[in-house]
Amino acid sequence: MPINKVGVLGCGLMGSGIAQVSAQASFATMVVEANDELLQRGLGNLRKMLEGLVARGKMEAKAKDDVLGRIVGTTRLDDLKDCDLVVEAITENQPLKNETFAKLDRICPPHAILASNTSSCNVTAMAAATRRPGQVLGLHFFNPVPLMKLVEVVRTILTDETAVRTATDWVRAVGKTPVQTKDATAFIVNRLLVPYLLDAIRVYESGLATLEDIDQAMKLGCGYPMGPFTLLDLVGLDTTMYVAEVMFDEFREPRYAPPPLLKRMVMAGHLGRKSGQGFYKY
């Protein structure tokens with residue numbers, strides 16, 4: 001069945017971005033949050049993003065109003081009962097995601113596709129928690145969602161080809177470029193990116209060079225848009241450590257183990273931009 005109505009579970013940084021691109025692509029979009037405070041904060045941030053586009057001349061005021069008119073916020077999971085696609089974007093917690101997918105399976109219509117925006121959790125486990133494992137997959141967007149073009153379409157050994165094709169078509173419809181990957185820890189991007197970021201921390205720990213010089217070297221020497229420490233602060237040091245720990249638990253390879261400095265910075269609450277201090281101060 002075609003996708004007409006989209007549900008987004010979670011209205012944080014990723015969820016609000018997914019809701020925005022869905023509504024901008026003319027899909028009726030329902031956003032669910034745990035409570036009204038979180039919902040209003042997420043919708044407020046989404047509104048500011050659109051107003052910023054209008055202020056920069058990249059969107060007409062009427063188009064902004066049309067986008068907002070396609071988005072409905074709620075705190076009731078049951079309100080997703082008539083969605084054709086639900087994208088889960090809640091915290092990276094495997095048991096919580098499994099439980100959530102079991103609930104969505106009971107609520108959503110039989111044809112609905114259930115997708116996770118996870119960057120590190122096991123999509124197969126989420127599928128196994130439902131009675132429709134063939135219609136469960138991963139749709140891993142990247143931050144910030146409105147700007148980043150890539151979406152990893154993650155299929156499990158249970159996912160139906162029809163569900164993959166339908167979800168991939170929707171990804172293209174919202175203006176993103178899909179790449180196909182199997183459900184294996186960290187998928188494509190993080191499997192390659194996280195070891196690079198961890199190695200950058202180890203190089204800094206060893207005293208080889210300063211933060212600034214390592215960042216500058218990778219920008220100018222490799223053509224990267226930002227250096228590893230700027231990127232770490234943007235992603236969040238806690239998020240990076242969590243993904244690294246999941247990868248290490250899965251593969252037991254030393255290169256995936258979080259370096260001591262990363263662990264201590266997370267313990268100290270130096271998480272990056274979101275806390276005001278990471279490797280740099282903000």
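Values quoted throughout were computed directly from the atomic coordinates according to the rules given, and no laboratory measurement underlies them. In this text, all values refer to a predicted model and were calculated from it rather than measured experimentally. All Cβ positions, glycine included, derive from the backbone under ideal geometry; neighbour counts span all protein chains shown.
Quickly run through the range 226-282 and pick out the residues that are of a type in the set (Lys, Arg), free of Cβ contacts under 8 Å to residues at least 24 places away in the same chain and in contact with a helix residue (DSSP H, G or I) (Cβ under 9 Å, 6 or more places away or on another chain).
Of everything in the range 226-282, just one residue is of a type in the set (Lys, Arg), free of Cβ contacts under 8 Å to residues at least 24 places away in the same chain and in contact with a helix residue (DSSP H, G or I) (Cβ under 9 Å, 6 or more places away or on another chain), namely LYS263.
Hey, among TYR256, TYR280, which residue is farther than 21 Å from ASN143 by Cα and touching a Phe, Trp or Tyr at 6+ places or on another chain (Cβ under 9 Å)?
Working: TYR280 fails: farther than 21 Å from ASN143 by Cα.
Sole residue among the options that is farther than 21 Å from ASN143 by Cα and touching a Phe, Trp or Tyr at 6+ places or on another chain (Cβ under 9 Å): TYR256.
Given (1) out of contact with any helix residue (DSSP H, G or I) (no Cβ under 8 Å at 6 or more places or on another chain); (2) of a type in the set (S, T, N, Q); (3) touching a residue at least 40 places away in the same chain (Cβ under 8 Å), where does THR75 come up short, assuming only one miss?
Single failed check for THR75: (1).
When the range 139-151 is examined, which residues are found to be outside any loop (DSSP other than H, G, I, E, B) and more than 10 Å from the chain's Cα centre (by Cα)?
Scanning the range 139-151 gives a single hit, LEU150.
Filter the range 107-133 down to the residues that are in a loop (DSSP other than H, G, I, E, B) and in contact with a Phe, Trp or Tyr (Cβ under 8 Å, 6 or more places away or on another chain), then identify the one that is surrounded by the most Cβ atoms within 10 Å (Cβ to Cβ).
Only one residue tops the list, namely ASN117.
For a quick check of your reading of the model, give me the residue pairs whose first member lies in the range 95-122 and is touching a residue at least 12 places away in the same chain (Cβ under 8 Å), whose second is assigned to a helix (DSSP H, G or I) and among the basic types (Lys, Arg), with beta-carbon atoms closer than 6 Å and at least 6 apart or on different chains.
Matching pairs, first to second residue: CYS121/LYS97.
Yes/no per residue for (1) surrounded by 17 or more Cβ atoms within 10 Å (Cβ to Cβ); (2) closer than 24 Å to CYS83 by Cα:
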residue: MET148; (1), (2): no, no
residue: VAL164; (1), (2): yes, yes
residue: ALA184; (1), (2): no, no
residue: VAL194; (1), (2): yes, no
residue: SER206; (1), (2): no, no
